[in-house]
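Below: the structure, in structure tokens.
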Amino acid sequence: NAGVTQTPKFRVLKTGQSMTLLCAQDMNHEYMYWYRQDPGMGLRLIHYSVGEGTTAKGEVPDGYNVSRLKKQNFLLGLESAAPSQTSVYFCASSQSNYGYTFGSGTRLTVV
Amino acid sequence: AQSVTQLGSHVSVSEGALVLLRCNYSSSVPPYLFWYVQYPNQGLQLLLKYTTGATLVKGINGFEAEFKKSETSFHLTKPSAHMSDAAEYFCAVTLPMTGGGADGLTFGKGTHLIIQP
């Protein structure tokens, strides 16, 4: 099925470890986004990309890096994980403001 | 910058009663507005959206919302609640895309809808 695929779905990290979350979309969308969801906070934008090779900071970018080397992939990196980064991460893609497609999420726990 | 306020982090209604979830927005220009639903341990599902045109928007599962510019509101309603409606609901806003590209959705903090039998 066409859509947004996030890997992995679950991960447990130790403080200080690094990891990369992968988001892949097969709809040829231009725009891609990474959000984090925390209880009582809604979804907050971490970083986004308006096209291949571009990235921009969102509302809560500190502690994260991103790359969009290929149009269909948007990677979110944590260089040195902290317990405050325990969250559910959602990727989304869009071709216009008329519609956004979300992935199923990655549940990350940092201990 | 745009923002969204959802009044009430938890709303409880009886099965069969009216569901009303409140959303107010702040935006410098007429925005596009969305309602999403999230069931436990799942992703986000689009309920409905307003971009332009008719201000009363009908969505899936019997939900609808009305864009009221004068009140800067986009409240979500359903005439008769069902047990299966129990979930988290998010209101979101974005601005019509400009040549600079889309900077994504801005979400409210969510409203947890509880259905009492």
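Please treat every number below as a calculation from the coordinates, not as lab data. Not measured: the values here are computed from a predicted model. Here Cβ is always computed from backbone atoms with ideal geometry, including for glycine, and neighbour counts include all displayed protein chains.
Worth a mention:
- Contact map, the range A:83-111: first residue more than 24 Å from A:D62 (Cα to Cα), second residue among the charged types (D, E, K, R) and surrounded by fewer than 19 Cβ atoms within 10 Å (Cβ to Cβ), Cβ cut-off under 9 Å, separation 6 or more or different chains; pairs are A:Q95/A:E30; A:S96/A:E30.
- Single residue of the range B:38-50 satisfying the filter (out of contact with any helix residue (DSSP H, G or I) (no Cβ under 8 Å at 6 or more places or on another chain) and in contact (Cβ under 8 Å) with a residue 40 or more places away in the chain) that is nearest to the other protein chains (Cβ to nearest Cβ): B:L44
- Test: B:T55 is within 11 Å of the chain's Cα centre (by Cα), of a type in the set (S, T, Y) and over 20 Å from B:A1 (Cα atoms): no
- Extreme residue, surrounded by the most Cβ atoms within 10 Å (Cβ to Cβ), among residues of the range A:58-82 that are outside any strand (DSSP E or B), of a type in the set (G, A, S) and touching a residue at least 40 places away in the same chain (Cβ under 8 Å): A:A81
- For B:W35, the criteria (1) surrounded by fewer than 19 Cβ atoms within 10 Å (Cβ to Cβ); (2) away from chain A (no Cβ under 12 Å); (3) over 13 Å from B:T72 (Cβ atoms) hold in every case but one, which is (1).
- Residue match in the range B:3-19 (condition: surrounded by 14 or more Cβ atoms within 10 Å (Cβ to Cβ), within 13 Å of chain A (Cβ to nearest Cβ) and free of Cβ contacts under 8 Å to residues at least 60 places away in the same chain): no
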